[in-house]
Amino acid sequence: MIKSSINKNDTEFIVNHVWPNKTAFLDFFNPKSKDIWAMGFNDLYKLFEYDGIWLDMNEATGFCNGECPSGEVPNITEPEPHQNYGWWTSYDTQEEISTYKLPFIPGGKYNLDNMTLSLNATHPYNGLTEYDVHSLFGHVEGMRTFEIFTNDSTSPL
């Protein structure tokens, strides 16, 4: 699971909200994530004998900007451009448990952690931050899914 930098409960996993409720995110960089992912596919297959998978929303995203440390989704519909909402607004560096206040933001309207994971969330397997590997999340998820469905011992099909 991807580790939170602010959620210091028993699990320390980053929590965000995705349909319909709270969500934790697998660290797909860890080869062992394949085992958890395969269990989910196999459990689903027992309920419904599907013949294919669509990895919809195969990105680390959610309804909270950064994460939902209280477990609740704030009532924010449309942030103002360059306006941060949440716990991180008073910090300048990731070392201070924050997202970066980046000098350049593509598109210029929102921070890079708008409706996605905190940039300083950590992937425990390799110690990389979400800032460094965010764009690889879906790719690595796809790699693990491919490994499951091309292996006779893990594929539910």
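Read-outs: derived from the displayed coordinates by stated rules, not from any lab. It should be emphasised that the depicted structure is a prediction, and the values quoted were computed from it without experimental measurement. All Cβ positions, glycine included, derive from the backbone under ideal geometry; neighbour counts span all protein chains shown.
Amide H contacts for Phe13 (H built 1.01 Å from N in the peptide plane; partners 5 or more residues away or on another chain; cut-off under 5 Å): Ser4.
Computing FRET efficiency as 1/(1 + (r/R0)^6) for Ser155 and Lys22, where r is the C-beta to C-beta distance and R0 is 30 Å, gives about 0.55. Legend: ranking of residues Glu49, Glu130 from fewest to most surrounding C-beta atoms inside 10 Å; resulting order Glu49, Glu130.
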